[in-house]
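Taken together, the values in this text are just the output of simple stated rules run on the coordinates, not laboratory data. Remember, it's a predicted structure, so these values are computed and weren't measured experimentally. Here the Cβ positions follow ideal geometry from the backbone for every residue, glycine too, while neighbour counts run over all protein chains shown.
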Amino acid sequence: MLSQKLQDAINDQIAFEIYSALTYKAMQAYFEAEDLPGFANWMDVQYQEELFHANKFFTYVCDAGGRASMLPIQGARNDYASPLEAFQVTLEHEQEVTSRIGKLMDLARQENDHAAQIMLQWFITEQVEEEASAGLIIRKLQRVEDDGRGLLMLDQELAQRVFTPPAGAA
Ligand code: FEO
C-alpha cells in the first residue's frame, strides 16, 4: 500500500512530467518556426516520452491502491536564442528530473516501499539515457557552430527519431 507521503510525491512528479512534455512541445514549436523539422521531430518524440512517463507514474499510483491526482501545471518557456540554448535547457531540465527521481527513490527507501523502488529503478536507468542523448546533441551543436550545412545535416539526423514505448511497459 502506497503511503500518503509517497503518493503525494509521485502525484507531484506526474505534474512535473506533464510540465516536461509542455516544455518540449514548446521547443518543437520553436524549431518548427526556425524551419528545422528534424529538431522539431526530436522534440515531438521527447514530448511523447514525457507523457509516457507521466502515465507510467499515474498507472503505478492506481495499481498500488493510491489516488492519482492532477495538480496545477505551470506554462512552458516558448522562446530560445538558438538551437544550442534549447538543448542546454533540455539537459538542465533532465538533470532536474534526475534529481527528483533520486529524491523519490530516497523516500521509497525510507518508507520501506519495495514495489515503488522497483518502479523507480526504471526511471533511474531512463534518466541516464535522457541526459546522455541531450549531452550528445549539445556536443554536436558545439562542433557545428555557425556552419549552416552542418546544422542541416544534424537536422536530417534528428528527423529519424521515432517514439517507441518500451515493450510490456505500463
Ligand atoms: Fe521524464 Fe525526460 O524525463
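Sequence gap at least 6, Cα distance under 8 Å: using those rules, report the relative contact order of the stretch 4-158 to the nearest whole percent.
29
Have a look at Phe87, Gln127, Leu71 and report the one farthest towards the positive end of the charge dipole of the chain, computed about the Cα centre with Cβ charges (Lys/Arg +1, Asp/Glu -1).
With unit charges placed on the Cβ atoms, the residue in question is Leu71.
Given R₀ = 22 Å, FRET efficiency for Gln4-Ala76 by Cβ-Cβ distance, to 0.05?
Once rounded, the FRET efficiency stands at 0.15.
Using only C-alpha atoms and all pairs of different ones, pull out the Kirkwood radius for the stretch 62-125 in Å with one decimal.
Final number for the Kirkwood radius of the stretch 62-125 is 14.3 Å.
Among Gln74, Gln110, Gln156, whose mean-square fluctuation peaks in a Gaussian network model of the chain (Cα, cutoff 10 Å)?
Among Gln74, Gln110, Gln156, the largest mean-square fluctuation in the Gaussian network model of the chain belongs to Gln110.
Divide by every residue of the chain the summed helix terms, -39500 (n - 2.57) for each DSSP H run of at least 4, and state the resulting mean residue ellipticity at 222 nm, rounded to the nearest 500 deg cm²/dmol.
So the helix-based figure for the chain works out to -26500 deg cm²/dmol.
Just to confirm the number: angle between the C-alpha axis of helix 4-33 and the first principal axis of the chain, 0 to 90 degrees, nearest 10?
That helix lies at roughly 10 degrees to the long axis.
Strictly greater than 19 Å: what percent of every Cα pair in the chain meets that?
57
Please order Arg149, Arg161, Arg109 by the number of other Cβ within 10 Å, starting at the fewest.
Result, fewest neighbours first: Arg149, Arg109, Arg161.
What distance in nm separates the two pseudo spin-label positions at Leu84 and Cys62, each 7 Å out from Cα along the beta-carbon direction?
4.5
State to the nearest 20 debye the size of the charge dipole of the chain about its Cα centre, where the only charges are +1 on K and R beta carbons and -1 on D and E beta carbons.
It comes to approximately 440 debye.
Considering only DSSP states other than H, G, I, E and B, which GluC sites (Glu not before Pro) in the stretch 67-170 qualify as loop sites with at most 11 other Cβ atoms within 10 Å?
Glu145
Which Cα, out of Leu151, Gln4, Met105, lies furthest along the positive dipole direction of the stretch 4-158 (beta carbon charges, K/R +1, D/E -1)?
With unit charges placed on the Cβ atoms, the residue in question is Gln4.
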